[in-house]
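Heads up: the structure comes next, in structure tokens.
The numbers here are math on the coordinates, done by the rules we state, and not lab data. In this text the structure is predicted, and so the values were computed from the model without any measurement. Note: ideal-geometry Cβ built from the backbone for every residue, glycine included; neighbour counts use all protein chains shown.
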Amino acid sequence: MRPILMAFAACLFGASAMPGLAAPVHAIAMHGEPALPPDYKHFGYVNPDVKKGGHIAYGVVGTFDNLNPFILKSMRTTARGMWDPEFGNLVYESLMQRSRDEAFTMYGLVAETVEWDDDRTFIQFNLNPKARWADGVPITPEDVIFSFELLRDKGRTPFNRRLEGVEKVEKVGERSVRFTFNDKADRETPLLIAGYSPILPKHAIDVENFDRTSLALPLGSGPYKVKEVKPGEKIVFARDPNYWGKDLPSKVGFDNYDEISVEYFLQDNSLFEAFKKGEIDLYQEGNPTKWARGYDFPAALSGDVVKDAITPHTPSGMLGFVFNTRRPLFQNRDLRKALTLVFDFEWVNRSLFENAYKRTESYWQNSELSSMGVPADAREREIAGAAISRIEPDILAGTYLLPKTDGSGRDRKVLREALDLFHKAGYAISDGRMTDKAGAPLSFEIMTQNADQEKLALAYQRFLAALGVRATIRTVDDSQYQSRSQTFDYDVIVKAYPASLSPGIDQVSYWGSISRDRPGSSNFAGVADPDVDRIIEAMLTARTSEDFRSAVRLHDRMLLSNYYVVPLYHLGEQWVAHSRHIARPDTVPLYGFQFPTWWDARAQ
């Protein structure tokens, strides 16, 4: 169509009615349309009339020696709150803000509106003219371009990969930035650029030293400034009364405290004791025994501490013992399956957790993305191709369940099934020890981080010993655990794989070949499998909700069939205990508790 005809058609029908043409929109969604209209006032899970003020003290286990969350050095010891999905992005912001009440939808923040085409060959961000850094300097397209290029050159994964799918970044007009994509991009790429990439101030960054650990007070555009730093002990944030975005619909009801402190503890027991004394205002509980019996201290009995439990509408995710397949020992799938069957969940759940948990049997359990109870459809089979033969028949049919034992820790039927798999993998019991054909004993180390993990590992060690498998346990401090996790220096490790209703590029970090040997990636199992890569690609390129669901289910089936993880359990609830004066909205979003929407009820 000639330009003059295009202009006429746009006037007659509206630009959005023309295929391939972009029109500015207030929000973008991975699949489908945003739930909220352009004139929305706030997210549905906030209190828009909240009285701001007061203070909250969070507690975490660990340490920190760095205020830059975007570099590899001190990646695991950066102060919480700087860029934080849990406590909030207090200092730095992204171009758009994610709604936690939708699967994957982004609304305007630093970018007031967005333009893209149906094929997502580009995305253009039109910056909000009110957007300012904390020093009052306007946020410009130059800042946006600078941020992506700086993080590409000196940032850590995943920030240093954001431009891999970008052919060019260019300034458009006075306040717009356009990203044009290349063939490495997928349909999720525009949303990751929009909501998961920080914007940094070009005028206040020391480029030469950016990738070095630093405790220099940062300049951001977010709702808080760093007020106080005690390395390794405490960081305090003060709300910026001049924060430029406080009246945006995507920020109404957020950032409600005048002051936020994050205090550090060497052990979880110390953190909990501080919470009991009122030094910490909020404690996230994951131990069912403690949740049932451990809240009999004075503050809880008097009502000064409130126990809060909700059921989010999200997938369970996966927690388990992860086999490091970089080790030759764990490259045998039959061996991994045998080791999986040995774990007696029924014994653990009864003996250690008062039957509070449910067994996790899918990476997306409790959601329509799970393969549990659902046979593979035609689309799954088409995506799988020849790889369909690698998926176990009962997993393909959706009928697979992990064996349910008698809870004795030595269920003969299950152990016999495991023993058959050990034989298939080339192992046999000799003089009470499981050995390979050369007579070498089957042994490995389980690395744990805390007492709870160690308790699980000890139970697993007992089950393995029944078949002559020797597992040693090494519990290390937080710093060593993070260092060894980051460099994949372990045999078996306990890790969690969070799940969402919009899995995408995160699956590349967990399971993609490209992340297998990248220090700091989340590919803890060391997976490098072309079929897994191809299935993830199908997830990333899906255009409809139906195609996306089929691709995720197939991914679930492939992971389950390969037994990279010994599945453990999940609660199905989120448990948070907090000081009575810390209040939250009545409405809980799809993804569960969102702490940046809570407030101090004492605020006047």
- Item | Percent antiparallel among DSSP beta bridges (both partners in the stretch 318-570, rounded to 5) | 65 percent
- Item | Phi-based couplings in Hz for the stretch 172-184 (Karplus 6.51, -1.76, 1.60; Gly and Pro marked x) | 10, x, 7, 9, 10, 10, 10, 9, 9, 9, 9, 6, 8
- Hey, if you put +1 on the Cβ of every Lys and Arg and -1 on every Asp and Glu Cβ in the chain, which of Val342, Thr587, Val114 ends up farthest toward the positive end of that dipole? Val342
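Can you tell me how much longer the chain between Ala451 and Asp118 gets when fully stretched, taken as 0.36 nm per residue apart minus their C-alpha distance, in nm with one decimal?
114.8 nm
Apply the a/c threshold of 1.5 to the C-alpha gyration tensor of the stretch 320-457 and tell me whether it is rounded, prolate or oblate. Numbers along the way, then the final one.
Values: a/c = 1.78, a/b = 1.22, b/c = 1.46.
Oblate is the answer for the stretch 320-457, as a/c is 1.5 or above yet b/c matches or exceeds a/b.
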- the chain: antiparallel DSSP beta bridges as a percent of all, rounded to 5: 80 percent
- Exceeding the 18 Å Cα-Cα cut-off - candidates Lys51/Lys251; Lys413/Lys495; Lys154/Lys184; Lys52/Lys251; Lys225/Lys246; Lys130/Lys246: Lys413/Lys495; Lys154/Lys184
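How large is the helix-only mean residue ellipticity at 222 nm for the chain, computed as the sum of -39500 (n - 2.57) over DSSP H runs with n ≥ 4, divided by its residue count, in deg cm²/dmol to the nearest 500? Mind dumping the intermediate values first?
On the way: 16 runs with 157 residues, N = 604.
Per the formula, -7500 deg cm²/dmol.
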- Note on the structure: In nanometres, the difference between 0.36 nm per residue of separation and the alpha-carbon distance of Glu86 and Glu233 is 51.0 nm
- In straight Cα distance, which aspartates and glutamates are under 14 Å from Lys276, not counting same-chain residues fewer than 8 positions off? Asp268, Glu285, Asp296, Asp304
- Roughly speaking, what is the centre-to-centre gap between the stretch 147-219 and the stretch 285-335 when only Cα atoms are used, to the nearest Å? 34 Å
- For Leu109, what charge total do you get from the other residues with a beta carbon under 9 Å from its beta carbon, if Lys and Arg give +1 and Asp and Glu give -1? -1
- Computed from these coordinates, which is volume of the Cα convex hull per residue in Å³: [x] 187; [y] 283; [z] 159? [z]
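Among the listed pairs Lys404/Lys455; Lys73/Lys337; Lys230/Lys290; Lys73/Lys234, which have their C-alpha atoms separated by more than 27 angstrom in this model?
On the way: Lys404/Lys455 21 Å; Lys73/Lys337 36 Å; Lys230/Lys290 31 Å; Lys73/Lys234 20 Å.
Pairs exceeding 27 Å: Lys73/Lys337; Lys230/Lys290.
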- Say each of Asp296 and Glu573 gets a label point 7 Å from the Cα, pointing the same way as Cα to Cβ; how far apart are those two points in nm? 1.9 nm
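Using Cβ contacts closer than 10 Å as the measure, can you line up Tyr243, Tyr510, Tyr564 from fewest to most?
On the way: Tyr243 18, Tyr510 23, Tyr564 27.
The most exposed by this proxy come first: Tyr243, Tyr510, Tyr564.
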- What's the angle, to the nearest 10 degrees (0 to 90), between helix 3-13's Cα axis and the longest principal axis of the chain? 80 degrees
- What is the order of Asp586, Asp143, Asp344, Asp84, fewest Cβ neighbours within 10 Å to most? Asp586, Asp84, Asp143, Asp344
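Taking the Cα centre of the chain as origin and charging only Cβ (+1 Lys, Arg; -1 Asp, Glu), how large is the dipole, in debye to the nearest 20?
Values: 72 positive and 81 negative charges, 189 e Å.
I would put it at about 900 debye.
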- Under Karplus coefficients 6.51, -1.76 and 1.60, residue-wise ³J(HN,Hα) of the stretch 304-313 in Hz, glycine/proline x: 6, 10, 10, 8, 10, 10, 9, 10, x, 9
- Query: Does the stretch 70-225 come out rounded, prolate or oblate by the C-alpha gyration tensor, with a ≥ b ≥ c the root eigenvalues, rounded set by a/c under 1.5 and, if not, prolate when a/b is larger than b/c and oblate if not?
  - Reply: rounded
- Message: 7 Å from Cα along Cα→Cβ at both Leu217 and Lys277: what's the point-to-point distance in nm?
- Response: 2.9 nm
- Task: State, as an integer percentage, the relative contact order of the chain based on alpha-carbon contacts under 8 Å between residues 6 or more apart.
- Result: 20 percent
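Taking the Cα centre as origin and putting +1 on Lys and Arg beta-carbons and -1 on Asp and Glu beta-carbons, what dipole magnitude results for the stretch 318-570, to the nearest 20 debye? Each step should come with its number before you reach the end.
Details: 32 positive and 33 negative charges, 105 e Å.
The dipole of the stretch 318-570 has a size of about 500 debye.
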- Please give the net charge around Leu67, taking every other residue with its beta carbon less than 15 angstrom from that of Leu67, where Lys and Arg add +1 and Asp and Glu add -1. +3
- Long-range HN-HN contacts of Tyr257 with modeled amide H, under 5 Å: Gly53
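Please compute the net charge surrounding Ser430, taking Lys and Arg as +1 and Asp and Glu as -1 over other residues with Cβ under 15 Å from its Cβ. Numbers along the way, then the final one.
Numbers: positive: Arg433, Lys437, Arg470; negative: Asp431, Asp436.
Result for the local shell: +1.
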- Give the order of Val565, Val91, Val252 when sorted by the count of other beta carbons within 10 angstrom, beginning with the fewest. Val252, Val565, Val91
- Ordered by residue, what ³J(HN,Hα) values in Hz, to whole numbers, does the stretch 253-265 give under the Karplus form 6.51 cos²θ - 1.76 cosθ + 1.60, where θ = phi - 60° and Gly and Pro are x? x, 9, 6, 9, 8, 5, 9, 10, 10, 10, 10, 10, 9
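Quote the relative contact order of the stretch 513-604 in percent (integer), defining contacts as alpha-carbon pairs under 8 Å separated by 6+ residues.
Worked out over the stretch 513-604, it gives 16 percent.
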